[in-house]
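Q: Below you'll find the structure I mean.
Every read-out reported here was derived from the displayed coordinates using simple, explicitly stated rules and does not represent laboratory data. Since the structure is predicted, the reported quantities are computational estimates derived from the model, not experimental observations. All Cβ positions, glycine included, derive from the backbone under ideal geometry; neighbour counts span all protein chains shown.
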């Protein structure tokens, strides 16, 4: 990647240099931390182009008055040829106005860096394990899984773009009772494939048609060998075959969304390899697991409740409201115990962990965060761990709830949705709201060609730019930076918005919030469309101005750079930037 310092990073470096100069002169005490110093656009653009809180956050540890320190900083910054004004606001904030030359240089940086514009070394090559989707292998993907899949995949791309190494992981929950139900359901379809009339699917089994091919495959492989055999003879075998078939289906479903995981970790294999025992041993050695009695259930105690000694994890040390059992009374692992072992394993191979969970798992967040807080990675230090909760999506068609899928039995499949509206529509729409907020997905609205549809609005901005470039080429106009000084205030405002992309990427990666990129793209598209529409009423503001080659080439150059930025942002979200619509 070509090394070019973007505008916001350059001004952050300028302010840091000023602070170092003041430190060298003895104005500021040596060694004061600067991590809280920010350089960002002010909330009100009329206040300037950039603002810094340097004087506000450093004054107290320096034992200085904030405005007095701000005056020292302003005095240094005012001498910079790229700073046209530096003013103190309120108790000590500093507002800067930046010379047009700096903004035009940023446009050229976008051209030079191309697809790398916005990339960052912030992650310093640290390994982040992002686990997402992790649906039980009991059927095809449905829209309940879709949002978490997109959020996780976009987050993984965002982290890579910001300088992290990333492991995309899927945890296969193939050791619980639901997989036993899957095996029994597959056995029923197996008998059906052998010619037996099975009637209505019994309550408690999976009714979807997706198990019919699995039953046929089992019949072809084993004939009638297990048709009348006791469950003990075929349950383990049918679990393995059915789970494998479901995971193949899930991989195909995810591929429709452009999602591929690096690692598929099997819960069954984890337990077979004795990983939970290793985790328990380590936790006992560090006095984090002990044998004790569970508290009686709150409220009225059930008649059959008896106190039982169980291995308990000391989760109250880490903010949980009670210690949690890692094994049941029969010695088998609790869900928490199995999850604890799984995260212990992940922590050995990553510098940080991020899990994307459905909101229905909110009740277990505290205890698993407590467990991971107790663990250490391969280097002996605790591994940072975050859980991002994703709310369900309500499916509508013209405002009315969507009926369930016959093939799936009880839900609408992800594959059906992607095939109807397209991968790009699904992916972008899933990121148009914060993941913790409820979302409606209306099949009619998400394909609507209107500015109220963010998917259309952003893609249309790129298509409009592509059309302008083709038209300019047909008229012999080449994008050129030779006359960027002819760009007017409305155009510079567009450049200033575009220039926020690199810092937006870093902030979104640090917060683990890929939806911020979608929000930014929507803002950028809106600003470009507004700029474009100026030409409807003011001919001199059209992209291509008749008989003014210099202005036209500069505006086409600007448009091409905004198009590049839209492509970069959409690529992070896994969405194509279309050339025409």
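Q: How big is the Cα convex hull of segment 1-155 in projection, averaged over all directions, in nm²?
A: That works out to 13.7 nm².
Q: For residue 16 and residue 108, calculate 0.36 nm times their separation in residues minus their Cα-Cα distance, and state this gained length in nm to one decimal.
A: Full extension from residue 16 to residue 108 adds 30.7 nm.
Q: Could you tell me the relative contact order of segment 7-98? Use alpha-carbon pairs under 8 Å, at least six residues apart, and round to a whole percent.
A: In percent, rounded to a whole number, it is 26.
Q: In addition: Using the basic label-point model (7 angstrom from Cα toward the beta carbon), what is the residue 244 to residue 546 distance in nanometres?
A: So the label points at residue 244 and residue 546 sit 7.1 nm apart.
Q: Going by average Cβ neighbours within 10 Å, how do the peptides 483-491, 227-235 rank, with the highest at the top?
A: 483-491, 227-235
Q: Expressed as an acute angle from 0 to 90° and rounded to the nearest 10, what is the orientation of the C-alpha long axis of helix 275-285 relative to the principal long axis of the chain?
A: With rounding to tens, the tilt is 80 degrees.
Q: Sticking with this one: R0 = 35 Å: FRET efficiency of residue 221 with residue 389, Cβ-based, nearest 0.05?
A: 0.25
Q: Taking 0.36 nm per residue of separation and subtracting the Cα-Cα distance, what length does fully extending residue 201 through residue 419 add?
A: Using 0.36 nm per residue and subtracting the Cα-Cα distance, I get 75.7 nm.
Q: Given a Förster distance of 56 angstrom, what is the FRET efficiency for residue 71 paired with residue 526, based on the Cβ-Cβ distance and rounded to 0.05?
A: Efficiency computed from Cβ-Cβ geometry: 0.90.
Q: Moving on to the next point. In whole Å, what are the Cα extents of segment 449-573 along the three principal axes, biggest one first?
A: Extents along the principal axes, in whole Å: 49, 32, 23.
Q: Once both labels are modelled 7 Å past Cα along the beta-carbon direction, what's the residue 485-residue 262 spacing in nm?
A: In this crude spin-label approximation the distance works out to 4.9 nm.
Q: Using packing as a proxy for protection, rank 93-103, 337-347, 178-188, 117-127 so that the peptide with the highest average count of other Cβ atoms within 10 Å comes first.
A: Answer by packing, highest mean first, reads 337-347, 178-188, 93-103, 117-127.
Q: Calculate for the chain the 222 nm mean residue ellipticity that helices alone would give, adding -39,500 (n - 2.57) per DSSP H run of length 4 or more and normalising by residue count, nearest 500 deg cm²/dmol.
A: Rounded to the nearest 500, the figure is -15000 deg cm²/dmol.
Q: Can you give me the P(r) profile for the chain? Cα pairs, bins 10 angstrom wide beginning at 0, each as a whole percent.
A: Over the chain, the share of Cα pairs per 10 Å bin runs 3, 14, 20, 21, 19, 12, 7, 3, 1, 0 percent.
Q: Packing-wise, with mean Cβ within 10 Å as the measure, how do 272-283, 27-38 rank, highest first?
A: 272-283, 27-38
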